[in-house]
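Student: Just passing along the structure, written as structure tokens.
The values are calculated or read from the model by the stated rules, or taken from the named source; none is laboratory data. For clarity, every value in this text was computed on a predicted model and none was experimentally measured. Don't worry about glycine lacking a Cβ; one is built from the backbone with ideal geometry, like all the others, and counts go over all protein chains shown. Ligands, DNA and RNA are excluded from the accessible area calculation, which covers all protein heavy atoms including side chains. Shrake-Rupley method; radii C 1.70, N 1.55, O 1.52, S 1.80 Å.
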Amino acid sequence: MEKGLVKIYFGEGKGKSTSSMGRALVCASEEKEVFVIQFLKGKITGRLDYLKRLEPEIKVFRFEREEAFYEDLTEEEKQEEKVNILNGYNFAKKVLSIGECEVLILDEILGLVDLGIITCEDVIRLIEMKDESVELIMTGRHLPDELIPYADYISRLDIVKGSCSEKPSCM
């Protein structure tokens, strides 16, 4: 049985989600069961609809209900959306506890730590829950130092040159 690694893609640059989805495609082509749980993306149905075409090989989940990005919501909307986001986090715990997939991608989970929705300890609990054979991939802009010892592979994506004015086309 192949050992499942803990991989983290982080940084201010674009391409973290794309890199994780590329890995999802590789794993699906190897007939591995892949789950993707996306956080902080809002309910952008167009891109989600496209990803849904990859099922059943790659199953994509979003729990957020608002159309806008989390950072653009009112405080009241953020509180409501936080409940949905925590449902996604709890779903990730369930998936890991019952070994429902071979590859689990938690897209933008590190952003939940940045926003104080979950803690580093919550992320560490997820890592510790995973079966040795499960590959766990996490993405986000910032990597807390506390998580570094738990990762087998860390890749930082930074902007060297470029501009990007529209959030949806650049995420």
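Student: Over 23 Å between Cα atoms: which of 3/52; 52/130; 78/161; 7/32; 78/130 fall into that group?
Tutor: Details: 3/52 28 Å; 52/130 25 Å; 78/161 33 Å; 7/32 17 Å; 78/130 29 Å.
Violating the 23 Å Cα-Cα cut-off are 3/52; 52/130; 78/161; 78/130.
Student: What are the residues whose amide H is under 5 Å from the amide H of residue 138, where those residues sit 5 or more places off or on another chain and H is modelled from the backbone?
Tutor: 7, 8, 9, 106
Student: May I ask you to give the percent of accessible area on the chain that is carbon plus sulfur, with a probe radius of 1.4 Å?
Tutor: Values: 4560 of 9090 Å².
The value for the chain is 50 percent carbon and sulfur by accessible area.
Student: Would you mind checking the tilt of helix 75-98 against the longest principal axis of the Cα atoms of the chain, expressed as 0 to 90 degrees and rounded to 10?
Tutor: Taking the Cα atoms of the chain, the angle to 75-98 is about 10 degrees.
Student: Quick one: which of 102-111, 150-159, 16-25 comes out on top by average Cβ neighbours within 10 Å, and what's the full order, highest first? Write down the numbers at each step before the final one.
Tutor: Details: 102-111: 23.9, 150-159: 13.3, 16-25: 18.2.
Ranking the peptides 102-111, 150-159, 16-25 by packing returns 102-111, 16-25, 150-159.
Student: On full extension of the chain, what length is gained from residue 160 through residue 3, given 0.36 nm per residue of separation minus the C-alpha to C-alpha distance?
Tutor: Details: separation 157, 0.36 × 157 = 56.52 nm, distance 3.39 nm.
Answer, rounded to one decimal: 53.1 nm.
Student: Now, a different point. Determine the gain in length on full extension of the stretch residue 148-residue 68; use 0.36 nm per residue of separation and subtract their C-alpha separation, reporting nm with one decimal.
Tutor: Working: separation 80, 0.36 × 80 = 28.80 nm, distance 3.10 nm.
That pair, residue 148 and residue 68, stretches by 25.7 nm at full extension.
Student: Using the alpha-carbon atoms, what tilt in degrees (0 to 90, nearest 10) does helix 120-129 show relative to the longest principal axis of the chain?
Tutor: Orientation of helix 120-129: about 30 degrees from the principal axis.
Student: Once you keep just the Cα pairs under 8 angstrom separated by 6 or more residues, what percentage relative contact order results for the range 55-171?
Tutor: Working: 82 pairs, mean separation 26.5, N = 117.
RCO, the range 55-171: 23 percent.
Student: Once the piece of chain linking residue 76 and residue 53 is laid out straight, how much longer is it, given 0.36 nm per residue of separation minus the C-alpha distance between them?
Tutor: Working: separation 23, 0.36 × 23 = 8.28 nm, distance 3.35 nm.
Here the segment from residue 76 to residue 53 would lengthen by 4.9 nm.
Student: Could you state the principal axis extents of the C-alpha atoms in the range 102-157, from the largest down, to the nearest angstrom?
Tutor: Largest to smallest, the principal-axis extents are 30, 24, 19 Å.
Student: Something else about it: With a cut-off of 12 Å, note down the residues of the range 95-119 whose backbone N falls inside the zone around a label point 7 Å from the Cα of residue 125 toward its beta carbon.
Tutor: Within reach of a label on residue 125, which here means backbone N under 12 Å from a point 7 Å along Cα→Cβ, the range 95-119 contributes 118-119.
Student: Also, quick follow-up: Between 50, 68, 99, whose Cα lies farthest towards the positive end of the dipole of the range 1-119 when Lys and Arg beta carbons carry +1 and Asp and Glu beta carbons carry -1, centred on the Cα centre?
Tutor: Most positive-ward Cα: 99.
Student: Here's another thing I want to ask about it. Determine the dipole magnitude for the chain: charges of +1 sit on the beta-carbon of Lys and Arg, -1 on that of Asp and Glu, nothing else is charged, the reference point is the Cα centre, and the result goes in debye to the nearest 20.
Tutor: Working: 24 positive and 34 negative charges, 87 e Å.
Using only the charged Cβ atoms, the result is roughly 420 debye.
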